[in-house]
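Enquirer: Handing you this structure, nothing more for now.
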């Protein structure tokens, strides 16, 4: 697609070349990004190479046309790629849901492995048994018969356990 | 929770049967089972069957090694930064882009169909997915790190358990029990880590592959858009300096023609120079009048040709000087143009480099995740070399983009 700009300059063939570029732009818009990029490159060369102070051809007008063609090709690439990205959008939403579930499970696993929860339970049980003994020691059976009975049962269960496992 | 509802067995699941004597071994195994059960994330009431199963699991999985997931986590963080940077770079270009509609009319920057608006809307879920993937990789790293925390907690737990045990006649086993608890706990944690990572990685792999593929395609789209947007910038730059460039191109074109003429003119002197040398040699060698006359005539002719060539050369050199003077008059503008052009081209190169390295890295990253999955299945460490190289490259590209 690349053009011989020296020859075009020598023949002052700017209008003919622009006519060619118009046709190439139309074809590239229907084609793809590679073709559009190649035509854009020629259009930029055209604008840069064309002699703007040459009175024989109204070059500024030709450059303006070339610039508009260039813009159309840029816009066509953006439109195409944005449309492709939008079409891929739903798959990202699905993946996000999936990944969040897996992450939550993995974090739960990490939390469980760290024994943080177990430690909390063990700490509270150890404290509870200690408190239980203290409470029981301080309770007068006559004043709080129901509570004392419950505590006795609980402590007795622990005693039974001890007795059962005694060597 | 009422005090009487607390069950000792739910915390310290000691196996017992009525009238069966408690033994040191049984107690230690109970502790081992407790550790294994905790490690397997279950706080279920103890049963002998489960205990044996757990013990078998401990013995069967002692060779499992927790895979090194840290490089994967670090690489995911680097890719997240790369995807964000690719977004920022593309968005900045689109933000400044003067969009047109199908009729060639200008599209308002705030219009819903402006490319920047569409891109921003479309990219948000990508960034969320990348954040999600960073959290996922972090959760894998957390599982590994949880082992450290677990060891600390295990010590505290076994101390507490021993506190309970001290109140009983089994205190004699306390020290040994504590030691065994720590050891078995270590194994249980390894198994639990291994299983948790294996489960998460196996479940996530299909999603990771889809992300890799979809983001890879996105990067292709971003590359095409960036090329188009940089082309647009270059075209604007050419138009900004259009008249100046037209002038420079014209002068340079003329100058090239004169350079060619100068070469021709220099070549044109070769033949008369040789003729002159031959004529002078003849004049020196010959004594005959006729030969001397002929040699003088040839020398004169060659000298005239050389003088003519010299005059032409002077004309050409004068023309070249004029061209240089003309170019010197616009040198400042030309320098400004070249500087802007260089800046545009460097920005183009850096952003395309980022997209390319991100696309490559995404492929390595997805492959590395599959390798992590295989490594767990095959009980080996994953191969992370390519991943680390890709992550380093990405960090370097981002650094260059931020500090050109």
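The values are calculated or read from the model by the stated rules, or taken from the named source; none is laboratory data. Everything quoted here is computed from the prediction, not taken from an experiment. Cβ placement follows ideal geometry from the backbone for every residue including glycine, while neighbour counts extend to all protein chains displayed.
Enquirer: Of the residues that make up the range B:332-349, is at least one closer than 17 Å to residue B:391 by Cα, in a helix (DSSP H, G or I) and in contact with a helix residue (DSSP H, G or I) (Cβ under 9 Å, 6 or more places away or on another chain)? Don't jump to the end; show me each part of the working.
Expert: Looking only at the range B:332-349, we keep the residues that are closer than 17 Å to residue B:391 by Cα, and these are none.
No, there is no match, as no residue in the range B:332-349 is closer than 17 Å to residue B:391 by Cα, in a helix (DSSP H, G or I) and in contact with a helix residue (DSSP H, G or I) (Cβ under 9 Å, 6 or more places away or on another chain).
Enquirer: Checking the structure you have, find out if any residue of the range B:147-167 is within 7 Å of another protein chain (Cβ to nearest Cβ), at pLDDT 75 or above and under 16 Å from residue B:211 (Cβ atoms).
Expert: No: the range B:147-167 contains no residue that is within 7 Å of another protein chain (Cβ to nearest Cβ), at pLDDT 75 or above and under 16 Å from residue B:211 (Cβ atoms).
Enquirer: Of the residues B:293, B:303, B:287, which single one is more than 60 Å from the chain's Cα centre (by Cα) and not in a helix (DSSP H, G or I)?
Expert: Exactly one residue qualifies, and that residue is B:287.
Enquirer: In the list A:109, A:93, A:83, which residue meets the criterion of being within 7 Å of chain B (Cβ to nearest Cβ), loosely packed, with under 15 Cβ neighbours inside 10 Å, at pLDDT 70 or above and in a helix (DSSP H, G or I)? Break it down into steps so the answer makes sense when it comes.
Expert: Details: A:109 fails: loosely packed, with under 15 Cβ neighbours inside 10 Å; A:83 fails: within 7 Å of chain B (Cβ to nearest Cβ).
Of the residues listed, the single one that is within 7 Å of chain B (Cβ to nearest Cβ), loosely packed, with under 15 Cβ neighbours inside 10 Å, at pLDDT 70 or above and in a helix (DSSP H, G or I) is A:93.
Enquirer: Further question: Mind telling me which of the residues B:77, B:66, B:90 ends up being within 13 Å of another protein chain (Cβ to nearest Cβ), at pLDDT 85 or above and either farther than 30 Å from residue B:399 by Cβ or surrounded by 15 or more Cβ atoms within 10 Å (Cβ to Cβ) (or both)?
Expert: On the way: B:77 fails: within 13 Å of another protein chain (Cβ to nearest Cβ); B:66 fails: at pLDDT 85 or above.
Going through B:77, B:66, B:90 in turn, just one is within 13 Å of another protein chain (Cβ to nearest Cβ), at pLDDT 85 or above and either farther than 30 Å from residue B:399 by Cβ or surrounded by 15 or more Cβ atoms within 10 Å (Cβ to Cβ) (or both): B:90.
Enquirer: Taking the options B:360, B:324, B:371, name whichever one is assigned to a helix (DSSP H, G or I), under 30 Å from residue A:41 (Cα atoms) and within 42 Å of the chain's Cα centre (by Cα). So that I can check it myself, show each step before the final result.
Expert: Values: B:324 fails: within 42 Å of the chain's Cα centre (by Cα); B:371 fails: under 30 Å from residue A:41 (Cα atoms).
Testing whether each residue is assigned to a helix (DSSP H, G or I), under 30 Å from residue A:41 (Cα atoms) and within 42 Å of the chain's Cα centre (by Cα) leaves just B:360.
Enquirer: Let me confirm something: among B:109, B:84, which residue is assigned to a loop (DSSP other than H, G, I, E, B), under 32 Å from the mean Cα position of the chain (by Cα), modelled with pLDDT of 80 or more and surrounded by 14 or more Cβ atoms within 10 Å (Cβ to Cβ)?
Expert: On the way: B:84 fails: assigned to a loop (DSSP other than H, G, I, E, B).
The unique qualifying residue is B:109.
Enquirer: Check the range A:25-42 and report whether any residue there is modelled with pLDDT of 90 or more, in a loop (DSSP other than H, G, I, E, B) and surrounded by fewer than 16 Cβ atoms within 10 Å (Cβ to Cβ).
Expert: yes
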